[in-house]
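Inspection log for the structure reproduced underneath, given as structure tokens.
What follows is calculated from the coordinates using simple rules that are stated; it is not laboratory data. Just so it is clear, the model here is predicted, and its values are computed rather than measured.
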Amino acid sequence: MQTLLRHHRADDAFDNLFRGILMRPVHTETGADLQIRLDVSENESAYTVQAEIAGVKKEDIHITIDGNQVAISAEVKNEKEVKEGEKLLRSERYYGNVSRVFTLAQEVDEDSSQATYSDGILKLVLHKKVAVKAKRITVN
């Protein structure tokens, strides 16, 4: 048993030695990089949301509004190929979804809200629903 452990440790050391010499680290997008970062501002009539969603097509962005809850999701497709002449040196692919759900203080009028996407920034103008004031009824 002790011999097997020594042999396993020797294999790990050998692999680590060649991993450091022969393989360069590959920098890929990690889950931490794939986040939707938000800036939300408010005025009397609307919320303005700027969401950073780089590397997606506008057709792959989905926005859902339910009262005062807003959900943004996007399908991320990232493909990279590094070639030297006709020889493929490295190919990296990432496919996945990112999403963000947040709640605003006031309900949103989804019919008058607007969304635009440019240079990796999704901009939402979410108009607030006009609050219906309670109507007082006189008892006859």
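Could you list which residues have their amide H under 5 Å from that of VAL76, counting only those 5 or more apart in sequence or on another chain, with H placed in the peptide plane?
GLY96, ASN97, VAL98
In whole Hz and in residue order, list the ³J(HN,Hα) couplings for region 48-63 that follow from phi through the Karplus curve 6.51 cos²θ - 1.76 cosθ + 1.60, θ = phi - 60°; x for Gly and Pro.
Ordered by residue, 3J(HN,Hα) equals 10, 10, 10, 10, 8, 9, 7, x, 10, 8, 4, 5, 9, 9, 10, 10 Hz.
Report the gain in length on full extension from LYS135 to ALA54: 0.36 nm times residue separation, minus Cα-Cα distance, nm rounded to one decimal. Walk me through the intermediate numbers first.
Numbers: separation 81, 0.36 × 81 = 29.16 nm, distance 4.73 nm.
Contour length minus the Cα-Cα distance gives 24.4 nm.
Can you give me the relative contact order of region 30-127 as a percent, contacts being Cα pairs under 8 Å and 6 or more apart?
Numbers: 183 pairs, mean separation 30.3, N = 98.
Reported as a whole number, the value is 31 percent.
In sequence order, what are the phi-derived ³J(HN,Hα) couplings for region 119-131 according to the Karplus relation 6.51 cos²θ - 1.76 cosθ + 1.60 with θ = phi - 60°, rounded to whole Hz, with x for glycine and proline?
Values per residue, Gly and Pro as x: 6, x, 10, 8, 10, 10, 10, 10, 6, 6, 6, 6, 5 Hz.
Please list, in chain and number order, the residues 5+ apart from LYS129 or on another chain whose amide H is under 5 Å from its amide H, with Hs placed from the backbone.
The list, which skips near neighbours in sequence, is GLU107, VAL108, ASP109.
For region 30-127, how big is the tail of P(r) above 17 Å, as a whole percent of Cα pairs? Walk me through the numbers before you get to the answer.
Working: 2618 of 4753 pairs.
When every Cα pair of region 30-127 is considered, 55 percent fall beyond 17 Å.
Need the list of lysines near LYS123 for cross-linking: C-alpha distance under 23 angstrom, and skip anything on the same chain fewer than eight residues off.
Partners found: LYS57, LYS58, LYS77.
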